[in-house]
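For reference, the structure is listed below as structure tokens.
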Amino acid sequence: MINVKNLKVKVWEKDILKWISLSFELGKNYLLLWKNWSGKSSLASTIAGNPKYEVIDWNIELNWRDLISMTPDLRSKEWIFLSFQNVPEIKGINLWEYLRIIYNIHLKNSNSEAKEITPFIFKRYIKQFLEEFKIDENFLQRDLNVWFSWWEKRKIEMLQVKLIWPKYIILDEIDSWLDVDAFKIVAELLSKLDSENNTFIIITHYFKIVDYFKIDKVYLLEDGKLKKEWWIEIAEEIKEKWF
Ligand SMILES: Nc1ncnc2c1ncn2[C@@H]1O[C@H](COP(=O)(O)OP(=O)(O)OP(=O)(O)O)[C@@H](O)[C@H]1O
Ligand SMILES: [Mg+2]
């Protein structure tokens, strides 16, 4: 469980998160909703450990352990995964090498005795996923996200989730820039990745993902504060009242 308790965060001397308390239970899925500038991405970055976000007070716990003192790479090894709102394009980092490295790191992380998978075997292993996600094999030779369409970037992120099986998966506006069909395919791929052993935290402005993906709880942020929270059972009521 990720437990955010009375969290206060600053960036450039500006208060961004103002005493937020909420929690994310393993096995459940969450929507983090509401308007622009409400602090959704800042909360995601703070959980993932972006040092720009200065935690002023109180804490975030991961399974009752202090998360704030963990470095970002350790948080990743503790199975926290963040898909950025603005996916970075990184020249000089080959996609295939990148995927193989993160796979090996997380393999060792789950079993310290495990042997590194060789490039040859990894190529065979990843093939099934490329087929499932309809990603052309030639893609692997490209630089990480460079000149990828939004749709391709999102598919590569889901491929990463498939390879490393993180437990807490934060997806920041994965629905932006996708047309209706692409969005539906992404939501359906997400549904296939959903399990009792992971938690999706989906940041969005819209409710439509609820039609394709099982959500348990909705948190609504406004001006750096938690404004409302609902279990999904009353989603229809929320839709009418707020959207
Ligand atoms: N790295 C940063 N540097 C300066 N200001 C920031 C930074 N990150 C966030 N902020 C400010 O914090 C506030 C909340 O921004 P944040 O990006 O968290 O909102 P959001 O809810 O994700 O909005 P959107 O829906 O537009 O993505 C905004 O006023 C923003 O300008
Ligand atoms: Mg944002």
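Quick note: the coordinates plus some simple rules give every number you see, no bench work behind them. A quick note: this is a predicted structure, and the numbers were derived from the prediction, not measured. Here Cβ is always computed from backbone atoms with ideal geometry, including for glycine, and neighbour counts include all displayed protein chains.
The table below gives the values:
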| quantity | calculated |
| --- | --- |
| At most 11 other Cβ within 10 Å, DSSP loop - GluC sites (Glu not before Pro), segment 174-243 | Glu196 |
| Centre separation in Å (Cα based) which lies between segment 52-115 and segment 211-243 | 28 Å |
| Per-pair calculated FRET efficiency, R0 = 41 Å: Gln141 and Asp216 via Cβ, rounded to 0.05 | 0.55 |
| Computed E for Ile121/Ser191 - FRET, C-beta separation, R0 22 angstrom, nearest 0.05 | 0.15 |
| Using a Förster distance of 35 Å, the FRET efficiency for Trp58-Asp179 (Cβ separation, nearest 0.05) | 0.30 |
| Translational diffusion coefficient (Stokes-Einstein; Kirkwood radius from C-alpha pairs) of segment 107-243 at 20 °C, 1.002 mPa s, in µm²/s | 125 µm²/s |
| Descending Cα extents along the principal axes, the chain, whole Å | 51, 40, 34 |
| Rg(Cα) / (2.2 N^0.38 Å) computed for segment 39-114, rounded to two decimals | 1.26 |
| Fraction of alpha-carbon pairs over 18 Å apart in segment 90-147 - percent | 38 percent |
| Set of segment 48-87 residues, backbone N closer than 13 Å to the point 7 Å along the Cα-Cβ line of Met1 | 61-65 |
| Fraction of antiparallel bridges per DSSP, the chain only, in percent to nearest 5 | 60 percent |
| Hull volume in cubic angstrom per residue (convex hull over the Cα atoms of segment 49-180) | 138 Å³ |
| 5 Å binning of all Cα-Cα separations within segment 163-243, expressed as whole percents from 0 upward | 3, 12, 24, 25, 20, 12, 3, 0 |
| Exposure proxy order (Cβ contacts within 10 Å, fewest to most) of Lys91, Lys155 | Lys91, Lys155 |
| Residues in segment 103-121 that a label on Asn94 would reach, taking backbone N under 11 Å of a point 7 Å out along Cα→Cβ | 119 |
| Extension gain (nm, one decimal) between Glu229 and Val11, 0.36 nm per residue minus Cα-Cα | 75.9 nm |
| Taking Leu130, Leu62 and counting other C-beta atoms within 10 Å, the order from fewest to most | Leu130, Leu62 |
| The chain - mean residue ellipticity at 222 nm from DSSP helices (-39,500 (n - 2.57) per run, n ≥ 4, rounded to 500) | -10500 deg cm²/dmol |
| Cβ-based exposure ranking for Trp147, Trp177, Trp230, Trp34, in which fewest neighbours within 10 Å come first | Trp147, Trp177, Trp230, Trp34 |
